[in-house]
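Read through the structure below, which is laid out as structure tokens, and then see the notes.
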Amino acid sequence: MLKKTVFLTAMSLTFLAVPLWGKTVINEQVQGKQLLTIKAESDKGRISRNIYGHFAEHLGRCVYEGFWVGEDSDIANVRGIRTDVVDALKKIQVPVLRWPGGCFADKYHWMDGIGPRDSRPSMINTFWGGVEEDNSFGTHEFMDLCEMLGASPYIAGNVGSGTVKEMQEWVEYMTADMGAMAKLRKLNGRQEPWKVPFFGIGNENWGCGGEMTPEYYSDEYRKFQNYVVRFPGNENMKKVACGPGDLNLHWLEVVMRNCNRFMDAITLHRYVFTGNWGVKGSATQFNSELWVKLMENTVEIDSMLEKFVEVMDKYDPRKRIELYVDEWGTWWDQEAGSHPGFLYQQNTMRDAVSAAVFLNSFNAHCDRVKMANIAQINNVLQAMILTDGPKMIVTPTYHVFELYTAHHDATLLESELVCDPLAGSEKKIQSVSVSVSKDSAGTINITVANLDPENSTEVICDLVGLTPKAVTGKVLNGKAMNSHNSFDTPAEVSVTELKDIELQADKLTVTLPAHSVSLIQIK
Ligand code: AHR
């Protein structure tokens, strides 16, 4: 990990007099001021834009209503896909979209979702609400959506209840230009094969994807992947193996050991909340103690990634295999009055700050983390978009993704942060989270979150190797730590200009409001 954080406490001040990371940190830090050092000429690798990826499952109102309203809907749409949602998502530059699940992926039979819509068979979505799925949104509709968004498709195949033949034929249907499947695709209106750069072989196969042991999944993986063929024109398709949820290093170890030769990437899922899997906590009703608890659970992603990468390094020392955190985010108790099993939740400044911490951490690990997909894009869990029939709003987390477009494909810069511990945190986690990159135009982009729910804080930034000409800033915030957007107050949380920035030679002083996420741009 490149970005290093040190907590300044009375006890650690003596410790700081010793060399850290090859340089001496001067022991004159005043509490309440955070010190950030940026090496403007460093290069710690490319931040893949796919770290800012998304996930759409056939779950609740994510796909149906969230995207798909049908061609005859009164809601403005293009070929059945709603225009307001696509227009809003274009602004956050969705680089990659994972579909159709989640748990739903290992229950999905793709052939039910092609051909004339009125003759597609229906099924029961037993994972999510026990509702009828009429398969009106299938492969062609998904690919159309990806083309509208300018996003790469990431398909999750069915290992749990599917067959090798079924998976083989799906890949052929989408990406081959000859043979029976290509002929069927053409009959259904699509001449050219699509490009499918990412193909997942199962989802959570240790749980909803078949309750498998890692040894059993490894054997299945090896067999299934053998028939996931890279056809001409789609030669670079990455085969993605199912990794663990949280830090099940045993699963990771077994799958890495048995399958590493046959995979291009492996996944990690990480959900955070303040209670437990039974009672996760309220999305909107919380105090500063519960705020801090979420931050503590969120920053664990750093050590989790480090332990994960350690195992990957053991079996793949040349770092060929990529890590995709293809489900992550906050998971709260279901919104009162919403459909059981639809996982609809509100989204506050607390979710936004948590997202900022996750994304800063993925950036810091960009040598291995090449993709991440927040769960999920519309109306489910930590969504970007909430809809209520024809109405649509964007969430605080959407705005984080908007600010962080600055990091897409940028060069990660080395940065060192010396900061206070977060007040109220027994674990003494950091009070500020930072990521710094340089884009192709030479602009330095700093994303910085103040994890303190009650107090503003000052960050003093030392720019090594750069005399800045101009600095601008934007800040995402609302009045309270639980501020959120609703259909009545859609701009309660929004982005405004960050005014408290002072530039003196190569030093920058910024005041970050409590519970906020900022983007500072230096030219
Ligand atoms: O995102 C909701 C669910 O969480 C997904 O379907 C599953 O993969 C995970 O357990």
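So here's what we get for this one:
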quantity	calculated
Of residues in segment 491-523 being in a loop (DSSP other than H, G, I, E, B) and touching a residue at least 40 places away in the same chain (Cβ under 8 Å), the one nearest to Thr405 (Cα to Cα)	Lys523
Subset of segment 154-180 (residues that are in contact with a Gly (Cβ under 9 Å, 6 or more places away or on another chain) and not in a loop (DSSP other than H, G, I, E, B))	Tyr154, Ile155, Ala156, Gly157, Glu166, Met167, Trp170, Val171, Glu172, Thr175
Cβ-Cβ under 8 Å pairs, at least 6 apart or on other chains, segment 224-235 side at positive phi and modelled with pLDDT of 95 or more, far side surrounded by 13 or more Cβ atoms within 10 Å (Cβ to Cβ) and part of a helix (DSSP H, G or I)	Gly233/Thr175
Qualifying residue in segment 249-267 (condition: more than 26 Å from Val171 (Cβ to Cβ), within 16 Å of the ligand (Cβ to nearest atom) and surrounded by fewer than 18 Cβ atoms within 10 Å (Cβ to Cβ))	no
Given (1) closer than 14 Å to Val63 by Cβ; (2) touching a Ser or Thr at 6+ places or on another chain (Cβ under 7 Å); (3) not polar (S, T, N, Q), number of the condition Pro95 does not satisfy	(1)
Residue within segment 54-76 that is among the hydroxyl-bearing types (Ser, Thr, Tyr) and assigned to a loop (DSSP other than H, G, I, E, B) present	yes
Test for Leu290: is it surrounded by 18 or more Cβ atoms within 10 Å (Cβ to Cβ) and without any contact (Cβ under 8 Å) to a residue 24 or more places away in the chain	yes
Of all residues in segment 194-244 being among the hydroxyl-bearing types (Ser, Thr, Tyr) and part of a loop (DSSP other than H, G, I, E, B), the one that is farthest from Phe142 (Cα to Cα)	Thr213
Which numbered condition Lys370 misses (of (1) closer than 18 Å to Met304 by Cβ; (2) part of a loop (DSSP other than H, G, I, E, B); (3) more than 15 Å from the ligand (Cβ to nearest atom))	(2)
The listed residue being more than 15 Å from the ligand (Cβ to nearest atom) and surrounded by 21 or more Cβ atoms within 10 Å (Cβ to Cβ), out of Val357, Val279, Val272	Val357
Residues satisfying the stated conditions in segment 196-216, i.e. farther than 29 Å from Ala176 by Cβ and within 11 Å of the ligand (Cβ to nearest atom)	Trp206, Gly207, Cys208
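The values are calculated or read from the model by the stated rules, or taken from the named source; none is laboratory data. The structure presented is a predicted model; accordingly, all values stated were derived computationally and were not measured. Positions of Cβ are generated from backbone atoms using ideal geometry, with glycine treated the same way; all protein chains shown enter the neighbour counts.
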